[in-house]
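The values are calculated or read from the model by the stated rules, or taken from the named source; none is laboratory data. Small disclaimer: the values here were computed from a predicted structure and weren't measured. Please note: Cβ atoms are built from the backbone with ideal geometry, for glycine as well, and neighbour counts cover all protein chains shown. We work out accessible area using only protein heavy atoms, side chains counted, and drop any ligands, DNA or RNA first. Shrake-Rupley method; radii C 1.70, N 1.55, O 1.52, S 1.80 Å.
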Amino acid sequence: QVQLVESGGGLVQAGGSLRLSCAASGRTFSNYAMGWFRQAPGKEREFVATISFSGGRTYYADSVKGRFTISRDNGKNLVYLQMNSLKPEDTAVYYCAADQVYPNLDRFGYEYWGQGTQVTVSS
């Protein structure tokens, strides 16, 4: 089992920045690729970004490319999502997830999920 706990969400104005964190515990963190997903009200959960086991490779959804950066610290069992130039359409609950496959853009493929953190971007 892998337990994931997100933090760092909040309310920010358009154009602002937030950094989300996801703390992992349980099994060996570096054995898992990590992903960030988000779900807005009335919409399906969608892929945002993923990072490989060592952190050397990343992949982003087109909607966030150039604005968001995913990173990880295997020594601290943490994965981050730095979000810059935020837009109202980025408003959603953001989830981190862990899987033993990289890259995995499919939410149905991830084994473990956190409880989510709310990000609200005001215009």
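Structure summary
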| item | result |
| --- | --- |
| Of all residues making up the stretch 81-98, the number that are outside any loop (DSSP other than H, G, I, E, B) and surrounded by 19 or more Cβ atoms within 10 Å (Cβ to Cβ) | 9 |
| Strands (runs of 3 or more DSSP E) (entirely within the stretch 1-60) containing at least 2 residues that are closer than 16 Å to residue 93 by Cβ | 2-7, 10-13, 18-26, 33-39, 46-51 |
| Top-ranked residue of the stretch 99-123 - restricted to ones that are modelled with pLDDT of 95 or more and hydrophobic (A, V, I, L, M, F, W, C), ranked as farthest from residue 32 (Cα to Cα) | 121 |
| Pick from the stretch 108-123, criterion of a type outside the set (A, V, I, L, M) and more than 19 Å from residue 53 (Cβ to Cβ), ranking: most open to solvent (accessible area, probe 1.4 Å) | 108 |
| Residue under evaluation residue 69, criteria (1) open to solvent by less than 10 Å² (accessible area, probe 1.4 Å); (2) in a strand (DSSP E or B); (3) of a type in the set (Val, Ile, Thr), criterion not met | (1) |
| Matching residues, the stretch 1-17, being open to solvent by less than 50 Å² (accessible area, probe 1.4 Å) and within 17 Å of residue 69 (Cα to Cα) | 6, 8, 9, 16 |
| Residue that is most open to solvent (accessible area, probe 1.4 Å) [pool: residues in the stretch 18-49 that are modelled with pLDDT of 95 or more and within 14 Å of residue 120 (Cβ to Cβ)] | 39 |
| Answer from 38, 27, 45, 19 - the residue that is closer than 16 Å to residue 2 by Cα and in contact (Cβ under 8 Å) with a residue 24 or more places away in the chain | 27 |
